[in-house]
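A short write-up of the structure that comes next.
The values are calculated or read from the model by the stated rules, or taken from the named source; none is laboratory data. The shown structure was predicted, so the numbers you read here are calculated from the model rather than taken from an experiment. Every residue, glycine as well, gets a Cβ built from its backbone with ideal geometry; the counts of neighbours run over all protein chains shown. For the accessible areas, the whole protein counts, side chains as well, though only heavy atoms, and no ligand, DNA or RNA atoms are used. Shrake-Rupley method; radii C 1.70, N 1.55, O 1.52, S 1.80 Å.
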Amino acid sequence: MSSAFDILKERGFVSQVTNEEAVARAFEDETVTCYIGFDPTGQSLHVGNLVQIMMLAHVQRGGHRPIALVGGGTAMIPDPSGKVALRPQLSTEDIDQNILRIKKQLSSYLDFDDGHEGRPGRASMVNNADWLRTLNYISFLREIGEHFSVNRMLTAEAYKLRMETGLTFLEFNYQILQAYDFLMLFREYGCTMQFGGDDQWGNIVAGVDLIRRKERAAAQAITTPLLTLSDGKKMGKTAEGAVWLDPEMTSPYDFYQFWINVDDRDVEGLLGHFTFLPMDQVRELGALEGEKIRRAKSVLAFETTKITHGEEAASQAERGARSVFGGAQAGAEDVPTVEIGRERLEAGINVVDLFVEAELGKSKSEVRRLIEQGGASVNGERVAAIDRMLGTGDLDDEGVLLLRAGKKRFQRVKTG
């Protein structure tokens, strides 16, 4: 039976490892407690976070104990990694509200309930605000600061980038605080392993080194490759912005459509990373070509949406997609829908205004460009003029308007 580490490697999660032999042995011989940090500066995690989340989920399924560490303390100290400017600071109230929402999102992937016989151990959600917000600065410097070399820290890629635009002392503390998190989790939870993206390697190994110095103990780290899709886009980014895990910010239908629309070349890798399907099935689906690759994309979209939003939401999104792209009436009610007052349609509403209201454009100017480029349609008919007015006579037999922006973005409009 494959160990959790073997599974992570096979599915493409492993890039850098502090000591591969020690890591492999730990996953085979003991129950590993490991953690990943999540930044609560936003109301929702996004698809770009899914590599780390799924890594923890696979580890838990392998019988180990994952810790999701939310940075209620470090969110108050901007992380310079990959940033060219200082990140705006949030209030503690906003950070704490974000943490509540993030735990709900993580609960779709991790089991935070008490472990029972025959089930993997309980995942934990820990907030580093518990030790960072009450930290005594002088005591911290005396205990921890002496173990960090400024010269060495300045060689980190995260600091190099910010040095060009102006690294603040506030940001300079981030690596030390992240290393301290690892030390505290080692002391309080027996956590011996940290996961993260390749861009966090410097911060992570600083924690490994701190545990070695303070506790005379060995800790390990695994980083994941930074996913870039074949079209050059960053994972989880679209022309419309980030793909969020919160259904109020990205609907299950739009979430499903994100996966349907990925490049054919990425399907196998995404199935390996973002589903729990056996790798034999992943490879079989990834080998499909031509028109048959659509089946693999449908499986990818359904499985990822099911994990994130539940099977019912995934089925509704699937039915909605079939009704739009297959011309079937069944399932049309599952397409994202906006409702407007019938009296507004009777009076007439400008097509540009309706597209903006249906969130098929961020602004009127964007919708105007879409129409001028021939990318907008109503009930399958291309919109030829930006001054077109829509009324009740434009409703289809079902009493709705089906708006399309580009090739793959749809919205139903019905009157109430």
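Quick check: net charge around Lys306, other residues with Cβ under 12 Å of its Cβ, Lys/Arg +1 and Asp/Glu -1? Here the count lands on -4. About the centre of its Cα atoms, the range 152-310 shows a dipole size close to 560 debye [charges on the beta carbon of Lys, Arg (+1) and Asp, Glu (-1) only; nearest 20 debye].
Taking every DSSP beta bridge that has both ends in the chain, the antiparallel portion is near 50%. Compared with the alpha-carbon gap, the fully stretched path from Lys362 to Ser377 is longer by 3.7 nm at 0.36 nm per residue.
For the chain, the solvent-accessible area with a 1.4 angstrom probe is 48 square angstrom per residue. Here the gap between Arg342 and Arg187, fully extended at 0.36 nm per residue and compared with their Cα-Cα distance, gives a gain of 49.5 nm. The order of the peptides 210-222, 46-58 by mean Cβ neighbours within 10 Å, most packed first, is 46-58, 210-222. Overall, the ratio between the Cα radius of gyration of the chain and 2.2 N^0.38 Å, rounded to two decimals, is 1.12.
A Förster radius of 45 Å, combined with the Cβ-Cβ distance separating Arg283 from Lys104, puts the computed FRET efficiency at roughly 0.85.
Volume per residue of the convex hull around the Cα atoms, evaluated for the range 195-286, comes out as 143 Å³.
Peptides 20-28, 89-97 ranked from most to least packed by the mean count of surrounding Cβ atoms within 10 Å: 20-28, 89-97. Just list whichever of Lys160/Lys233; Lys234/Lys362; Lys292/Lys414 have alpha carbons separated by over 27 Å in the model shown. In this structure, Lys292/Lys414 lie more than 27 Å apart at Cα.
Over the Cα atoms of the range 1-74, each weighted equally, I'd like the Debye log10 I(q)/I(0) at q = 0.14, 0.18 Å⁻¹, rounded to two decimals. Normalising to I(0) and taking log10 leaves -0.48, -0.76.
Paramagnetic label reach from Arg133 (point 7 Å along Cα→Cβ; backbone nitrogen cut-off under 13 Å): within the range 99-113, residues 99-100. Taking all Cα-Cα distances within the range 134-290, those exceeding 27 Å account for 46%. Report summary: the helix-based calculation at 222 nm, which adds -39500 (n - 2.57) for every DSSP H run with n ≥ 4 and divides by the residues of the chain, gives -12500 deg cm²/dmol. Keeping the other protein chains in place, figure out the carbon and sulfur percent of the accessible area of the range 150-288, with a 1.4 Å probe. Percent of accessible area from carbon and sulfur atoms in the range 150-288: 51. Put a dot 7 Å past the Cα of Met163, heading toward its Cβ, do the same for Phe148, and the two dots end up 1.6 nm apart.
Using a Gaussian network model of the chain whose springs link C-alpha atoms within less than 10 Å, name the residue from Asn261, Asn350, Asn151 with the highest mean-square fluctuation. Sorting by GNM fluctuation, first place goes to Asn151. In terms of the mean number of neighbouring beta-carbon atoms within 10 Å, the peptides 159-171, 64-76 order highest first as 64-76, 159-171.
Which aspartates and glutamates have a Cα lying under 12 Å from the Cα of Lys214, excluding residues fewer than 8 positions away in the same chain? Partners within reach: Glu143, Glu146. The relative contact order of the chain, computed from alpha carbon pairs under 8 Å that lie at least 6 residues apart in sequence, is 15 percent. Only the Cβ atoms of Lys and Arg (+1) and of Asp and Glu (-1) were treated as charged; on that basis the dipole of the chain about its Cα centre amounts to roughly 720 debye.
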